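Read through the structure below, which is laid out as structure tokens, and then see the notes.
Please treat every number below as a calculation from the coordinates, not as lab data. Everything quoted here is computed from the prediction, not taken from an experiment. Note that we place each Cβ from the backbone using ideal geometry, even for glycine, and neighbour counts take in every protein chain shown.
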Amino acid sequence: MAAARSPRDNHLLDAVEALPREAWSGPVWRVVREGRDPTQCSAVGGRWDDRSFEVLYTSTHADGARAEMFFHLSRGQPVMPSQVRYGLHELRVTLDACVRIASLEVLASLGLKTNAFGQLSYSERQLEYPRTQEIAEAAHFHGRDGLFVPSARSVHPNLVVFCGVAGPEAVEAVRDHGIVDWTAWRNAQRNG
């Protein structure tokens, strides 16, 4: 038996509905485990999905995608896993009605405590994820097909595609840019 959904926050529903919707088409980036389809959506309970709908997490810049995956792979470990390989993929996304949350100020106006945004450890995610998941669920409820949101790991915004609303034709794999060399990438970040 499925768990009962908590009532939606009416103030949040109104605030998200008031955000402008926009059409958007362009390149995005994604890092996935070798052999995985980079256009495969999932409902894993991440920052912007509460497991009730499938999303595709992407970044508007290759380094943004690398930074997001690096965080999840390292999760505070001193040594990166060396046996698992991840590839960088360029995708093209076309959306009709996405919501642009362009700043932490907009997130704060939607009820997110932003003072520690992107600074919490993975084990502390439950201090932040419930509200971001509610924001995304409200946008999904209103029929939006995606969210532009600030990245917690990079200066480059993320684009979260709501796969069911957007449809399979909204995401196209453009190019496989090969396996990510995490040591070289991390050194470039430290030196640049």
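Shape of the stretch 126-192 from its Cα gyration tensor (a ≥ b ≥ c, root eigenvalues): rounded if a/c is under 1.5, otherwise prolate when a/b > b/c, or oblate? Oblate, because a/c is 1.5 or more while a/b does not exceed b/c. Angle of helix 182-191 to the longest C-alpha principal axis of the chain, folded into 0 to 90 degrees and rounded to 10: 80°.
In the chain, the longest principal axis of the Cα atoms and the axis of helix 129-141 are about 60 degrees apart.
Taking Cα pairs under 8 Å and at least six residues apart, what relative contact order does the stretch 1-116 come out at, in percent? Normalised by residue count, the contact order of the stretch 1-116 is 39 percent. Charged side chains reduced to their Cβ positions (Lys and Arg at +1, Asp and Glu at -1) give the chain a dipole of some 600 debye around its Cα centre. Could you work out how far helix 62-74 tilts from the main Cα principal axis of the chain, as a 0 to 90 degree angle to the nearest 10? Taking the Cα atoms of the chain, the angle to 62-74 is about 80 degrees. Label-to-label distance, His11 versus Leu127, with points set 7 angstrom from Cα along the beta-carbon direction: 2.2 nm. Pull out a ≥ b ≥ c, the square roots of the eigenvalues of the alpha-carbon gyration tensor of the stretch 10-102, then state rounded if a/c is under 1.5, prolate if not and a/b is larger than b/c, and oblate in the remaining case. The shape class here is prolate. Applying a 4.7 Å Cβ-Cβ cutoff to the chain leaves Cys98 as cysteine residues with no disulfide-compatible partner.
Using a 7 Å offset from Cα along Cα-Cβ at Ser52, what residues in the stretch 142-169 end up with backbone N under 18 Å from the label point? Label zone hits: 142-147, 161-166.
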